[in-house]
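Since the structure comes first, as structure tokens, the remarks are kept for the end.
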Amino acid sequence: MRTRVLRQDNWSDITIFWWVKPVNIPSCLIKPGDEIQIREGSRKVERIIEAMETVARRGVPQWLEVDKTNFKGIVKMLPAREELTMPVKEQLVVELYSK
């Protein structure tokens, strides 16, 4: 799911309600309390439907709150390192952003 979201072609499908505007970059910063919602017209996009089905199968992390019927979520808190289930190589992230 996350890999596909990072490869999303049209980021204006996603709105961050802290800024109340569409997001056009995958690396936008969010913080606790931000509400993230899929635009009404984009709720039938196949990738987004597949992502919502994946969330239903895998479950939602404790640091997120998801409203599947309205295609939105709220960041309750930032995750601690040990709460991340994906393998992350922090050194590679640092190298990428230090270029």
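A few remarks follow.
- Summed over the stretch 24-40, residues that are more than 12 Å from the chain's Cα centre (by Cα), more than 14 Å from Phe71 (Cα to Cα) and either polar (S, T, N, Q) or modelled with pLDDT under 85 (or both) total 1.
- Residues that are over 23 Å from Pro79 (Cα atoms) and small (Gly, Ala, Ser) were ranked within the stretch 41-53; the one that is nearest to the chain's Cα centre (by Cα) is Ser42.
- When we screen Ala56, Ala80 for residues that are within 30 Å of Val94 (Cα to Cα) and over 14 Å from the mean Cα position of the chain (by Cα), the only hit is Ala80.
- Taken over the stretch 58-99, residues that are under 20 Å from Arg43 (Cα atoms), among the small types (Gly, Ala, Ser) and surrounded by fewer than 11 Cβ atoms within 10 Å (Cβ to Cβ) amount to 1.
Yes/no per residue for (1) touching a residue at least 24 places away in the same chain (Cβ under 8 Å); (2) within 19 Å of Val23 (Cα to Cα); (3) in contact with a helix residue (DSSP H, G or I) (Cβ under 8 Å, 6 or more places away or on another chain):
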residue: Glu40; (1), (2), (3): no, yes, no
residue: Ile48; (1), (2), (3): yes, yes, yes
residue: Val60; (1), (2), (3): no, no, no
residue: Lys68; (1), (2), (3): no, no, yes
residue: Lys76; (1), (2), (3): yes, no, no
residue: Pro87; (1), (2), (3): no, no, no
residue: Val93; (1), (2), (3): no, no, no
residue: Lys99; (1), (2), (3): no, no, no
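- Failed item in (1) part of a helix (DSSP H, G or I); (2) in contact with a Pro (Cβ under 8 Å, 6 or more places away or on another chain), with Pro61 passing the rest: (1)
- Subset tally (residues that are among the small types (Gly, Ala, Ser), surrounded by 10 or more Cβ atoms within 10 Å (Cβ to Cβ) and either part of a loop (DSSP other than H, G, I, E, B) or touching a Leu at 6+ places or on another chain (Cβ under 7 Å) (or both)) for the stretch 20-48: 1
The values are calculated or read from the model by the stated rules, or taken from the named source; none is laboratory data. These numbers were taken from a predicted model, which means no experiment stands behind them. Glycine gets a Cβ as well: all are built from the backbone with ideal geometry, and neighbour counts include every protein chain shown.
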